[in-house]
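Read-outs throughout are calculated quantities, based only on the coordinates presented, and are distinct from any laboratory measurement. It should be emphasised that the depicted structure is a prediction, and the values quoted were computed from it without experimental measurement. For neighbour counting, all protein chains shown are included, and Cβ atoms are generated from backbone atoms with ideal geometry for every residue, glycine included.
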Amino acid sequence: MATGFFSHETCQRHEMGAAHPESPARIAAIVDCLRASGVLAELTQRDAPVAQREDLLLAHPERHVESLHRQAPSEGLAWVDPDTAMNPHTLEASLRAAGAVAAAVRAVLAGEMANAFCAVRPPGHHAERANAMGFCFFNNVAVGAHVALAAGLERVAILDFDVHHGNGTVDVFKDDERVLVCSSFQHPFYPGRLHDVDRPNIVNTPLAEGTRSPEFRRRVEQDWLHALDAHRPRLLLVSAGFDAHAHDPLGGLELHEPDYRWVTELITDAARRHANGRVVSALEGGYDLDALARSADVHLQVLREADRG
């Protein structure tokens, strides 16, 4: 089976100002790198559909969905928090970002693909049940996890290696033991909320500024592997943030491409043990374009190798 690649041109029309780090160039850089490496030609490419309303309502209350529809501007920018804005294309881009993960989950569960990567923006892991924040509007991986549960899976895991804590994902699932949430992140750092939630299904891995490869690998292996083997998820979703890279302008961790290969291999190994290899990954952070593109390329290489294996 193939590795899927879900994206849509509307995801590159969402903009929050010329100087904003979460820019359309992020997806273009990833696609260019994948094309140059030859990986893109090996992927099954699909357009991201608009998320079904009933799927969004599995992760978010109706008032949140309605609020974003009301705030969507016909021109200019509408700010929903100090660093998160909507332009006239943001609502559709957000719907397609969540729709990509939902569609990828359905394709993987149906056996049409072995695994998938969603090259989408806006990102999603800071979006809480009823709050858009941190460049995020809908929680894309949370929508995907709920789609999997609604399809009959008993247990799902979400693994988040962004430099920022996945507060939104924790908020959605902190009281749902069907979903294991593992998040590694720089601490103390943005967003500074929900990082201390104490639940059996929430595994937080805070890392000090300046953390390098050996400590990152030790902590993730120590914290995540036991939790994954105890939970035995039937699908693994990934919040793939590449802003823990040493070159990223927003983060303070010191990871490099081999670390993203390593953590992706850890994830695909766990998926083979527990989930018939099923992995759906979605882009989160990563703001140095070259580092982002190279890291995403390595991530896709491992997914493609897992498919072949």
*Taking the stated definitions as given, is GLY168 on the phi < 0 side of the Ramachandran plot, of a type outside the set (D, E, K, R) and touching a His at 6+ places or on another chain (Cβ under 7 Å)?*
yes
*Could you run through the stretch 31-70 and say how many residues are in a helix (DSSP H, G or I), in contact (Cβ under 8 Å) with a residue 12 or more places away in the chain and under 19 Å from ALA2 (Cα atoms)?*
5
*When the residues of the stretch 8-38 are filtered to those that are in contact with a strand residue (DSSP E or B) (Cβ under 9 Å, 6 or more places away or on another chain) and β-branched (Val, Ile, Thr), which remaining residue is surrounded by the fewest Cβ atoms within 10 Å (Cβ to Cβ)?*
VAL31
*PRO206 passes all but one of (1) in a strand (DSSP E or B); (2) surrounded by 19 or more Cβ atoms within 10 Å (Cβ to Cβ); which number fails?*
(2)
*Just a yes or no: is a residue in the stretch 222-233 in contact with a Lys or Arg (Cβ under 6 Å, 6 or more places away or on another chain) and closer than 20 Å to ALA107 by Cβ?*
yes
*Out of all the residues in the stretch 59-97, which are of a type in the set (Val, Ile, Thr) and either in contact with a Lys or Arg (Cβ under 9 Å, 6 or more places away or on another chain) or over 20 Å from ARG13 (Cα atoms) (or both)?*
VAL65, THR90
*Could you pull out the residue among ALA97, ALA85 that is under 18 Å from ALA25 (Cα atoms) and part of a strand (DSSP E or B)?*
ALA85
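Can you say whether VAL197 is among the aliphatic types (A, V, I, L, M) and free of Cβ contacts under 8 Å to residues at least 40 places away in the same chain, as far as the supplied structure shows?
yes
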_Just to be sure I understand the filter: pairs with C-beta atoms under 7 Å, separated by 6 or more residues or on different chains, first member in the stretch 138-155 and part of a helix (DSSP H, G or I), second member of a type in the set (Ser, Thr, Tyr). Which pairs pass?_
VAL141/THR169; VAL141/SER239; ALA142/THR169
*Does at least one position in the stretch 301-309 carry a residue that is surrounded by fewer than 22 Cβ atoms within 10 Å (Cβ to Cβ), of a type outside the set (A, V, I, L, M) and part of a loop (DSSP other than H, G, I, E, B)?*
yes
*Just checking, how many residues over the stretch 116-134 are in a loop (DSSP other than H, G, I, E, B), crowded, with 24+ Cβ neighbours inside 10 Å and of a type outside the set (Gly, Ala, Ser)?*
6
_Residue identified as touching a strand residue (DSSP E or B) at 6+ places or on another chain (Cβ under 6 Å), buried (at least 16 other Cβ atoms within 10 Å of the Cβ) and within 22 Å of GLU128 (Cα to Cα) among VAL163, VAL172_ = VAL163
*Are there any pairs with C-beta distances below 7 angstrom linking a residue in the stretch 2-20 that is in contact (Cβ under 8 Å) with a residue 24 or more places away in the chain and part of a loop (DSSP other than H, G, I, E, B) to a residue that is among the polar types (S, T, N, Q) and crowded, with 24+ Cβ neighbours inside 10 Å, with the two at least 6 apart or on different chains, and if so which?*
HIS14/THR90
*Go through the stretch 71-82 residue by residue and tally those that are touching a residue at least 40 places away in the same chain (Cβ under 8 Å) and in a helix (DSSP H, G or I).*
0
*Within the stretch 267-292, track down each residue that is in contact with an Asp or Glu (Cβ under 7 Å, 6 or more places away or on another chain) and either within 15 Å of ASP160 (Cβ to Cβ) or assigned to a helix (DSSP H, G or I) (or both).*
GLU284, GLY285, GLY286, ALA291
*Can you pull out the residues in the stretch 41-57 that are touching a strand residue (DSSP E or B) at 6+ places or on another chain (Cβ under 7 Å) and over 12 Å from ALA97 (Cβ atoms)?*
LEU43, THR44, GLN45, ARG46
_Residue that is in contact (Cβ under 8 Å) with a residue 60 or more places away in the chain, surrounded by fewer than 18 Cβ atoms within 10 Å (Cβ to Cβ) and not polar (S, T, N, Q), where the choices are PRO249, PRO258_ = PRO249
